[in-house]
Amino acid sequence: MVRATAFLPSQRTLFAAFGMLLFLTVWLIAAQQVGKPQIVPPPAQVLNEGLRLSSDPAALGHLATSLKRLAIGFVLGASLALVLALLAAGLRPVRAFINVPVGLIQPIPPLAVLPIFLFLLGIGEELPISVVAFVAFKPVYIATLAGAAGVERAHLEAAKVFGARAPMVAREVVLPAAAPQIFAGLRIAMALSWMSIIAAEMIGTSAGIGFSIMYDRQFLLVNKVILGMVLIGITGALLDWLLLTIEKRLTPWRPKPQG
Amino acid sequence: MMSVTVGRALLSRARLLLMVVAVLAAWEVAGRLLALPIPPPSRFVGGALDFVQTSLYQESLLATVRRSLVGFAVACTLAVPLGLLSGVVPQVEWLLSWVLGLFRPISPLAWIPMAIIWFGFTETAGIFIVALTVFFPVALNSIAAIRTVPPVYVEGARLLGANRMMLVGEVLWPAILPDIITGMRIGLVVAFSVIVAAELIISASVQLGLGYLLYYNTLLFFRLDNIITLAVTLGILGSLINEVFVRLQQWITPWTRHVREAAW
C-alpha cells in the first residue's frame with residue numbers, strides 16, 4: 001500500500017511487458033493444447049489475419065457504419081437531454097412535464113429497450129440509431145440536471161443584474177459551470193452507447209461491427225471475430241479519449257480532468 | 001443515487017403521482033379510440049397478470065436469476081483475491097496492467113460470438129458473459145479498497161501492538177469490506193442487464209430466460225404487452241438487487257453508516 005513509491009517507473013513497464021508476454025505464452029500453449037485453430041487460434045495466426053486485413057480498406061467499412069450510427073444517435077440523444085435538462089432546471093412550470101416522462105423510462109435497463117424498439121421499428125437502420133439515442137439520453141440528462149443545480153446562486157444573480165436573459169444565462173453561466181458534470185455524463189453515455197449499438201447490430205441489422213463479428217462467427221472465422229473484438233475495444237477507448245480531449249479544449253480554465 | 005436526489009429535489013411526490021395518472025389516463029383513452037400497438041392499461045394489466053402467472057415466465061425468471069448469480073459468484077471468486085493481491089503487491093498489478101488494459105475496453109457483449117464459439121448455445125455461454133461483466137468492477141473496487149485504507153490506520157494499529165492477524169482481521173478487513181460490496185453491487189446490476197441481452201442474442205436454442213422470452217415475444221409472437229411486462233420485470237429486478245445490496249451493506253458493515261453520518 002505504502003511501499004509502491006520505492007520503485008522506478010521503468011520497472012513498472014518491465015513488469016507490464018513481462019505480463020503481456022506471459023499472457024501471449026499462455027494463449028499459445030492453450031492454442032496448441034486445444035489443437036483446433038478454428039476454436040482457439042494461435043496469436044500469430046490472428047496477427048497475420050490482422051496484417052492481411054489492414055491492407056484491405058473494405059475491412060473497416062463495418063466500423064465506419066457503426067460509427068456513423070453512433071454519431072447520429074448520440075448527438076440526437078445527448079442534445080435532446082441537454083436541452084430538456086436545461087429547460088427543466090431553468091423553468092419551473094415545464095419541470096414536471098419533462099421529469100415525469102423521464103422518470104417513467106428511467107428504471108428500464110438500457111438493453112431492455114432493444115426488443116421494444118425492435119418491435120416498433122423492425123430491422124433496419126433506425127434500430128441502432130434510436131437505441132443509442134435512448135441509451136445516451138439518461139446519463140446526460142441526469143448529469144446536466146445535477147450540474148445545473150450546483151451552479152452558484154451568486155453567479156446567476158450577478159448575470160441577471162447585468163441584464164442577461166435566460167438563453168444567455170444558460171449559455172454563459174450554467175453550461176460552463178456544469179461542464180464537468182455534463183462531460184462525466186457524456187462519457188458514461190458514450191460507453192453505454194457503444195456497448196448497446198453492438199447489441200443492436202447483432203440482432204437487427206445487416207451491417208456494422210456488431211453484425212460483422214456475429215456473421216464471422218457463423219462461418220467460424222475466429223480470427224476475424226477476435227480482430228473485431230479488438231477493434232471494438234480500441235474504438236471504445238478512443239471515443240472516451242476523444243471526449244476527454246474535447247472537455248480539455250472547451251474548459252481550458254479547469255485543471256486537467258481525471259482519466 | 002444521484003438521480004434519486006435530483007428527482008426528489010425537483011419534484012414533489014404528489015405531483016409525480018398526478019402526472020403518472022394523467023399519462024395512464026391519456027394512454028387508456030388513446031388505446032380505446034385509436035389502434036395503438038399497445039393495449040390500453042386496463043386490458044394490459046390483466047394480460048400482464050396472466051402472463052406473470054405462467055410457468056414459462058416464472059421458470060424463465062428463475063433461469064435468468066440463476067445464470068446471473070452463478071456468473072457473479074465465479075467472477076467474485078476470481079476478482080476479489082486478485083484485486084486484493086494487486087492492491088497489496090504492486091508488482092502483481094504491474095504484471096496485469098497491460099493485459100487488463102487490453103481487455104477492459106472490450107464490452108462484454110462483444111464477447112458473445114466468442115462465447116458461442118467456445119461453449120455453443122449453452123448455459124455456460126451466458127454465465128461466461130456475466131462473469132466477464134462482473135469481473136472488472138469487482139476487481140477494480142477491490143484494488144481501490146485496499147489502496148485507500150489510510151496508512152494511519154495501519155501505523156496506528158502497529159503502534160498499539162497489533163500482530164499481523166489482528167491487523168488483517170481488525171483493521172484491514174473492516175476498512176475494505178464496504179468498497180468490495182459496492183463493487184459487487186455495481187457488477188450485479190450491470191450483470192442483469194447484460195445477461196438479458198446475451199440471452200436475447202444467444203436465443204437460437206430453446207432455453208428458458210427473460211431474454212429468450214423477449215426474443216420470442218418480439219420476433220415470433222409480436223406481443224408488445226408481454227415485452228413491456230418483461231421490461232418492467234427487469235426494471236424491478238434491477239432496483240430490487242440494488243436495494244437488497246444496500247441493505248446488506250448496512251447490515252454487514254454497520255460502521256460505514258456512522259462514517260457517512262459523520263461526513264454529513
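Does any residue in the range A:138-157 that is among the polar types (S, T, N, Q) come within less than 9 Å, Cβ to Cβ, of a residue that is part of a loop (DSSP other than H, G, I, E, B) six or more places away or on a different chain, and which pairs are these?
Listed by first residue and then by second, the contacts come to nothing, as the list is empty.
Quick one: in the range B:75-90, which of the residues that are farther than 19 Å from residue B:149 by Cβ and crowded, with 17+ Cβ neighbours inside 10 Å is nearest to the other protein chains (Cβ to nearest Cβ)?
My answer is B:75.
When the range A:93-111 is examined, which residues are found to be at pLDDT below 75 and of a type in the set (Lys, Arg)?
Those that are at pLDDT below 75 and of a type in the set (Lys, Arg): none in the range A:93-111.
Which condition does residue B:48 not pass, out of (1) buried (at least 16 other Cβ atoms within 10 Å of the Cβ); (2) modelled with pLDDT of 85 or more; (3) away from chain A (no Cβ under 12 Å), if it passes all the others?
So residue B:48 meets the others, but not (2).
Of the numbered conditions (1) under 17 Å from the mean Cα position of the chain (by Cα); (2) under 23 Å from residue B:139 (Cβ atoms), residue B:85 satisfies every one except a single condition; which is it?
Of (1) under 17 Å from the mean Cα position of the chain (by Cα); (2) under 23 Å from residue B:139 (Cβ atoms), only one is false for residue B:85: (1).
Out of curiosity, is residue B:171 touching a helix residue (DSSP H, G or I) at 6+ places or on another chain (Cβ under 7 Å), free of Cβ contacts under 8 Å to residues at least 40 places away in the same chain and more than 8 Å from chain A (Cβ to nearest Cβ)?
yes
I'm told residue B:107 meets every condition in (1) free of Cβ contacts under 8 Å to residues at least 40 places away in the same chain; (2) surrounded by fewer than 17 Cβ atoms within 10 Å (Cβ to Cβ); (3) farther than 20 Å from residue A:19 by Cβ except one. Can you identify the failing condition by its number?
(2)
Are any of the residues in the range B:47-61 in contact with a Ser or Thr (Cβ under 8 Å, 6 or more places away or on another chain) and farther than 30 Å from residue B:123 by Cα?
Within the range B:47-61 (the criterion being in contact with a Ser or Thr (Cβ under 8 Å, 6 or more places away or on another chain) and farther than 30 Å from residue B:123 by Cα), the answer is no, since none of the residues qualifies.
Out of the range A:89-110, which residues are assigned to a helix (DSSP H, G or I) and over 30 Å from residue B:230 (Cα atoms)?
If the condition is that a residue be assigned to a helix (DSSP H, G or I) and over 30 Å from residue B:230 (Cα atoms), then A:89, A:90, A:92, A:93, A:94 are the ones that fit.
Give the range A:107-139 a look and list any residue that's of a type in the set (D, E, K, R) and either more than 10 Å from chain B (Cβ to nearest Cβ) or closer than 24 Å to residue A:64 by Cα (or both), or say none.
Hits for the range A:107-139 are A:125, A:126.
Tell me which of these residue A:249 doesn't satisfy, since it passes every other one: (1) surrounded by fewer than 19 Cβ atoms within 10 Å (Cβ to Cβ); (2) within 12 Å of chain B (Cβ to nearest Cβ).
Status for residue A:249: all satisfied but (2).
Kindly establish whether residue A:217 is more than 10 Å from chain B (Cβ to nearest Cβ), free of Cβ contacts under 8 Å to residues at least 60 places away in the same chain and either within 15 Å of the chain's Cα centre (by Cα) or farther than 30 Å from residue A:83 by Cα (or both).
No; evaluated as a whole, the condition is false for this residue.
Within the range A:71-100, track down each residue that is of a type in the set (Phe, Trp, Tyr) and closer than 26 Å to residue A:152 by Cα.
Listed by number, the list holds a single entry, A:97.
Please determine, by comparing only the residues of the range A:16-68 that are assigned to a loop (DSSP other than H, G, I, E, B) and within 26 Å of residue A:207 (Cβ to Cβ), which one is farthest from the other protein chains (Cβ to nearest Cβ).
Looking at residues that are assigned to a loop (DSSP other than H, G, I, E, B) and within 26 Å of residue A:207 (Cβ to Cβ), I get A:55.
Please work out if residue B:69 is more than 17 Å from the chain's Cα centre (by Cα) and surrounded by fewer than 24 Cβ atoms within 10 Å (Cβ to Cβ).
Considered against the rule, which asks whether it is more than 17 Å from the chain's Cα centre (by Cα) and surrounded by fewer than 24 Cβ atoms within 10 Å (Cβ to Cβ), residue B:69 comes out as no.
With B:159, B:208 as the choices, which residue is more than 13 Å from chain A (Cβ to nearest Cβ), surrounded by fewer than 14 Cβ atoms within 10 Å (Cβ to Cβ), farther than 22 Å from residue B:80 by Cβ and of a type in the set (A, V, I, L, M)?
Matching residue, one of B:159, B:208: B:159.
Give the residue that is farthest from the chain's Cα centre (by Cα), with candidates limited to residues of the range A:138-174 that are aliphatic (A, V, I, L, M) and under 30 Å from residue A:111 (Cα atoms).
Going through the qualifying residues, I end up with A:149.
Is there a residue in the range A:125-134 that is of a type in the set (Asp, Glu) and free of Cβ contacts under 8 Å to residues at least 40 places away in the same chain?
yes
Only one of A:241, A:194 is exposed (fewer than 14 other Cβ atoms within 10 Å of the Cβ) and closer than 30 Å to residue A:51 by Cα; which?
A:241
This table checks each residue for (1) within 11 Å of another protein chain (Cβ to nearest Cβ); (2) surrounded by 24 or more Cβ atoms within 10 Å (Cβ to Cβ); (3) closer than 23 Å to residue B:212 by Cα.
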residue	(1), (2), (3)
A:105	yes, no, yes
A:141	yes, yes, no
A:169	no, no, no
A:173	no, no, no
A:180	no, no, no
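May I ask you to list the residues in the range B:77-99 that are charged (D, E, K, R) and in contact with a Leu (Cβ under 7 Å, 6 or more places away or on another chain)?
Once the filter is applied, which keeps residues that are charged (D, E, K, R) and in contact with a Leu (Cβ under 7 Å, 6 or more places away or on another chain), the range B:77-99 yields nothing.
Test residue A:158 against the stated conditions and say whether it is of a type outside the set (Ser, Thr, Tyr) and within 10 Å of another protein chain (Cβ to nearest Cβ).
no
Among the residues of the range B:234-251 satisfying the criterion of being more than 9 Å from chain A (Cβ to nearest Cβ) and of a type outside the set (A, V, I, L, M, F, W, C), which is nearest to residue A:115 (Cα to Cα)?
The selected residue is B:242.
The values are calculated or read from the model by the stated rules, or taken from the named source; none is laboratory data. In this text the structure is predicted, and so the values were computed from the model without any measurement. Counting neighbours? That spans all protein chains shown, and the Cβs are built from the backbone with ideal geometry, glycine included.
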